[in-house]
Amino acid sequence: MLSSAHTPRLLRSPTTTLRSCLHSTTTTLPPSSQILTTRKSLFSGQTTAVDLAKSFLHRLRRTEPQLNSFLYVSPDEVVLKQAEELDYKIKNNEEVGPLAGIFVGVKDNICTSDMPSTAGSRLLENYCPPYDATAVRMLREGGAIVVGKTNLDEFGMGSTTEASAYQVTANPWDLSRVPGGSSGGSAAAVSARQCMAALGSDTGGSVRQPASFCGVVGLKPTYGRVSRYGLVAYASSLDVIGCFGSSVADAGILLHSISGHDKFDATSSKQEVPDYASQFVAIDHLESKPLKGLRVGVIRETLEEGVDPEVISSVRDAVSHLEELGCIVTEVSLPSFSLGLPAYYILASSESSSNLSRYDGVRYGNQVHGDGLNSLYGDSRAQGFGSEVKMRILMGTYALSAGYYDAYYKRAQQVRTIIQNSFKEALDKNDILISPAAPSVAYKIGEKKNDPLAMYAGDIMTVNVNLAGLPALVLPCGFVEGESASLPVGIQMIGAAFDEEKLLKIGHVFEQTLKGSSFVPPMVADEFSC
């Protein structure tokens, strides 16, 4: 058991609770699934897909000038036409998919055949792929309407979305702060209700950290659960496509719709995909101790020096709540945890230096004409790549170079094996592991842009999960008082390989029973009750 001195029973301070429900005149309600609610409303005739589309497009157009979440927004007439077609099918009792009427944003490093896919880079400016990524194809087959492509750090390399070649995205909770990265556009869009759900990619925390900063749910699946076909490669042994939602149910339903084996991706798994929706029990039907007997391990190394005290307090409050729900909580030690960060940056940079060599101005990317072939290659890359991408390519090339391979790349792979084994040992004794999603809440735009080491250190909570290939769920658990607004804190739940089902069950019960907090940012809170 964790010491009671370190696990205060109050879920939230009075000040934070008051601020979180400023726009409510009633008791705070748990987050509902926008996907399930929308489907019910459409089939009952309470609303139409066209009305929903107009509402979301209006909110998107109103908030986008402040947020810059999207690099491309589908024209209104295209979205409304798809909505009209859906209304026609429903009216005539035709079969529609499980995501019918759901408006989804897609990170701009995931290929879409009818929209640009730039990966946030000038090198791929105006590039339109000839095909949809498998995940996008499955979304559309399920009836989802893709409303646009969201902003990101160039090629997914960054933690703030400031490394985008096009624009800087703001955090909906405080426009002077970063939304996280590299999937900051997707997280901000879901947080501000510009779309119902979104796809992102997670190489070292790029779904989970922005989910924490923006107060939404972020789900990183097991490596191989979702096809990577059509995802612009950064580090192929670490990259996964993940999901954002405003509730655990929405993230789980989205994951179910894009999971499964794909012949176009040799690393995609043939593991059976469970029915995640079966875990989303209504709060009225929950037992008094709905998580009784589940073993939860809190990773000691994630609540030590280097983590903001307010973040530690919020996570300990969340752990207390899990105990109240019946969980058996213990503290676990992963001595190799601190080794993950240097190992990750060596491996990810090494793989990126190989993957990005294809952008030479001939095979891929915009071309800058030169006097010779070497000049064409060099000028195309020099003008196409941003500074962060260039730095990581140089680091990776150095780590793979003759004389340094054993000292860096080989040793990093050995550390990766140690990390995998330590997680397996801990998860053999526990159902899930717990940590903060990030060592701090969202920080100011520009605060760490010129200090890459400080920015990289912010990934300490998430990179180990990618190195181990495990699934992880991040969901909001509290607030920290900022200068001008409350800022959300995310808790990370880590599960065994291909056990997303258990993560979703625990996460759903946690959010449905968490009292006194509404994770709707002030800029759109008037439209949503707590």
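The values are calculated or read from the model by the stated rules, or taken from the named source; none is laboratory data. This is a predicted model, so every value here is computed, not measured. A quick note on method: Cβ atoms are made from the backbone with ideal geometry, for glycine too, and the neighbour counts reach across all protein chains shown. Keep in mind that these areas ignore ligands, DNA and RNA; they rest on the heavy atoms of the full protein, side chains included. Shrake-Rupley method; radii C 1.70, N 1.55, O 1.52, S 1.80 Å.
Consider region 235-251 and keep the residues that are closer than 21 Å to Ser69 by Cα and in a loop (DSSP other than H, G, I, E, B). The one that is least open to solvent (accessible area, probe 1.4 Å) is Ser247. Taking Gly458, is it more than 28 Å from Lys390 (Cβ to Cβ) and open to solvent by less than 30 Å² (accessible area, probe 1.4 Å)? Here the answer is no, as Gly458 does not meet what is asked. Of the residues making up region 43-64, one or more are open to solvent by 90 Å² or more (accessible area, probe 1.4 Å) and under 28 Å from Gln279 (Cα atoms). Taking the numbered list (1) part of a strand (DSSP E or B); (2) touching a Lys or Arg at 6+ places or on another chain (Cβ under 9 Å) in turn, Val296 passes all entries but (2). Part of a strand (DSSP E or B), more than 17 Å from Lys448 (Cα to Cα) and in contact with a helix residue (DSSP H, G or I) (Cβ under 7 Å, 6 or more places away or on another chain): is that true of Gly204 in this structure? Criteria not met by Gly204.
Can you spot a residue in region 506-513 that is acidic (Asp, Glu), touching a Lys or Arg at 6+ places or on another chain (Cβ under 9 Å) and either open to solvent by 10 Å² or more (accessible area, probe 1.4 Å) or part of a strand (DSSP E or B) (or both)? No, region 506-513 contains no residue that is acidic (Asp, Glu), touching a Lys or Arg at 6+ places or on another chain (Cβ under 9 Å) and either open to solvent by 10 Å² or more (accessible area, probe 1.4 Å) or part of a strand (DSSP E or B) (or both). The residue list Pro290, Pro335 contains one member that is touching a Ser or Thr at 6+ places or on another chain (Cβ under 9 Å), of a type outside the set (Ser, Thr, Tyr) and surrounded by 17 or more Cβ atoms within 10 Å (Cβ to Cβ), which is Pro290.
Of the residues Thr169, Thr203, Thr222, which single one is of a type in the set (S, T, N, Q), more than 23 Å from Val147 (Cα to Cα), crowded, with 24+ Cβ neighbours inside 10 Å and touching a residue at least 60 places away in the same chain (Cβ under 8 Å)? When all the criteria are applied, what remains is Thr203. The set of residues from region 515-525 being outside any helix (DSSP H, G or I) and either open to solvent by less than 20 Å² (accessible area, probe 1.4 Å) or β-branched (Val, Ile, Thr) (or both) comprises Gly516, Ser517, Ser518, Val520, Pro521, Val524.
Where helices (runs of 4 or more DSSP H) fall wholly inside region 342-453, the ranges with 3 or more residues that are without any contact (Cβ under 8 Å) to a residue 60 or more places away in the chain and open to solvent by less than 80 Å² (accessible area, probe 1.4 Å) are 373-384, 387-400.
Among all residues of region 89-98, there is none that is buried (at least 24 other Cβ atoms within 10 Å of the Cβ) and touching a residue at least 60 places away in the same chain (Cβ under 8 Å). For Arg228, the criteria (1) surrounded by fewer than 24 Cβ atoms within 10 Å (Cβ to Cβ); (2) farther than 21 Å from Phe103 by Cα hold in every case but one, which is (1). Filter region 339-384 for residues that are modelled with pLDDT under 95 and under 30 Å from Ile432 (Cα atoms) and give the result. Selection gives nothing. Please indicate, with yes or no, whether at least one residue in region 118-137 is within 18 Å of Asn355 (Cα to Cα), surrounded by 24 or more Cβ atoms within 10 Å (Cβ to Cβ) and either without any contact (Cβ under 8 Å) to a residue 40 or more places away in the chain or of a type in the set (Ser, Thr, Tyr) (or both). Yes; the residues of region 118-137 include at least one that is within 18 Å of Asn355 (Cα to Cα), surrounded by 24 or more Cβ atoms within 10 Å (Cβ to Cβ) and either without any contact (Cβ under 8 Å) to a residue 40 or more places away in the chain or of a type in the set (Ser, Thr, Tyr) (or both). Scanning region 253-285 for residues that are in contact with a strand residue (DSSP E or B) (Cβ under 7 Å, 6 or more places away or on another chain) and open to solvent by less than 20 Å² (accessible area, probe 1.4 Å) yields Leu254, Leu255, Ile258, Ser259.
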